[in-house]
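One structure is given below, encoded as C-alpha cells.
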Amino acid sequence: MFRARFPQYITAKSVAAVTLLGVGAYYAGSRLTPTANAKSNEPPKVFSGFGFTTLRLQSTKDVNHNTKRLVFEFPDQNAISGLSLTSALLTISRPEGRWFPVIRPYTPISDLNQKGQIELMVKKYPNGKASGHIHSLTPGDTLTFAAAIKGHAWTPNQSPQVYLIAGGAGITPIYQLAQGILNNPADKTKINLVFGVNTEQDLLLREELESFKKRFPGRFDYIYTVSHPEGQGQNNGFKKGYITEELLRDVVKVDGDTKIFVCGPPAMENSLVGSRFQPGILGRLGFMKGQIVKF
C-alpha cells in the first residue's frame, strides 16, 4: 500500500549504493530470474537475493480517492516472492522529466507465499514522485524492484500475544505481519489490532481485517478509531478520536512475553514510543523497550 518505513535498517550509504545500482539496472532493463533448487520441489523464489527484477502490472483497483491496489505478475506463474515476515521491497521509478530513478520502499499486502504474483497498495501523496509515477501505471506497464528490506524477524509463536498499532499509512507492514501469523497453521499467536485513521475512507484493508476476525475467533480482534468521522462513530463500527493512552489502557495487558508493533505517522510513533529521555504512552503502560518494535 503505502510507502514502508524501516529507518533502523536503511543507512545513507545503503540507499546511495542501491540508487547507483538501480540507475544501471533501470536503464539496462535487467531482470532477476526466479531461482529454485533443482533437487527439491520448492517453487522458484523471485526475490531470493540481491538483485533487480522488472515485473509487469497485471491489474489495478481504486480503493479510495488517493489509494490504489496494484497486482504485478511473476515471469514464472509457479514462483513465489521468497520474502520473509516482515519485509518490504524497494521500487525503482523514473517519473517523467527526471534523469535519475526514485527509490522508495513498499510493503506487499498479498500472501508472501502466493504463487504467480505480488500485490502492493500505494497511497498517492500530493508531491510524491514515486507514488505519482506508480499511480500512473496501467496494465501492461512495468515496474522495477530492487533488493528486499527485512524488518523484525518473526518466528512462529515468538510471543503468545502481540498487539499491533497502525496509524494511517502504517497499516501495510502491520497487516503483512497479522496475515503471516494467521495463515500459518503452526502459529497460535493471539493478535489485537488498534487502527487509527483520519476518515472512514482511510480504513484500508477493512474487509480483510474483518474477515480475519470471523475466520480466527478468539485469536484476532481489532478496534478502529477515526479522528474525523462523518457519522456517529461507534454505531458505524469504530470509535471517534485518536489512539490515546486511555484507549490503549482498555486494550493491552502487559506481561514479559508480550510484544507490541507500531507503525504510523512520526507524531503518533513518538507519542507511543517516546524518546531516550521521555517515556511514551507504551512505557507508561508498562512495556519495556525490548517489547516494542517500531517499523
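Residues whose amide H falls under 5 Å from that of VAL63, counting only those 5 or more places apart or on a different chain, are LYS68, ARG69, with hydrogens built in the peptide plane. Heavy atoms of the protein chains alone define the surface here; on that basis region 208-262 has 60 Å² accessible area per residue at 1.4 Å probe size. Counting only protein heavy atoms and using a 1.4 Å probe, the accessible area of GLU119 comes to about 30 Å². Nonpolar atom fraction for region 161-294, defined as the carbon and sulfur part of the 1.4 Å probe accessible area, stands at 49 percent. Over what distance in Å are the Cα centres of region 69-96 and region 238-280 separated? What the calculation gives is 31 Å, centre to centre. Database remark: amide H of LYS239 closer than 5 angstrom to the amide H of TYR224, THR225, VAL226 (H placed geometrically; neighbours at sequence offset of 5 or more, or on other chains; Pro and chain starts carry no H). Using modelled backbone amide H atoms (1.01 Å from N, in-plane), which distant-in-sequence or interchain residues come within less than 5 Å of TRP154's amide H? Result for TRP154 returns THR86.
The residues of region 53-150 expose, per residue, 43 Å² of accessible area to a 1.4 Å probe. Of the solvent-accessible surface of region 53-150, computed with a 1.4 Å probe over protein heavy atoms with every protein chain present, carbon and sulfur atoms account for 46 percent.
Among TRP99, TRP154, the sequence by solvent-accessible area, most first, with a 1.4 Å probe is TRP99, TRP154.
The values are calculated or read from the model by the stated rules, or taken from the named source; none is laboratory data. Computed from a prediction, not measured in an experiment: that's the story for all the values here. Each accessible area value is taken on the protein alone, full model and side chains, heavy atoms only, with ligands, DNA and RNA left out. Shrake-Rupley method; radii C 1.70, N 1.55, O 1.52, S 1.80 Å.
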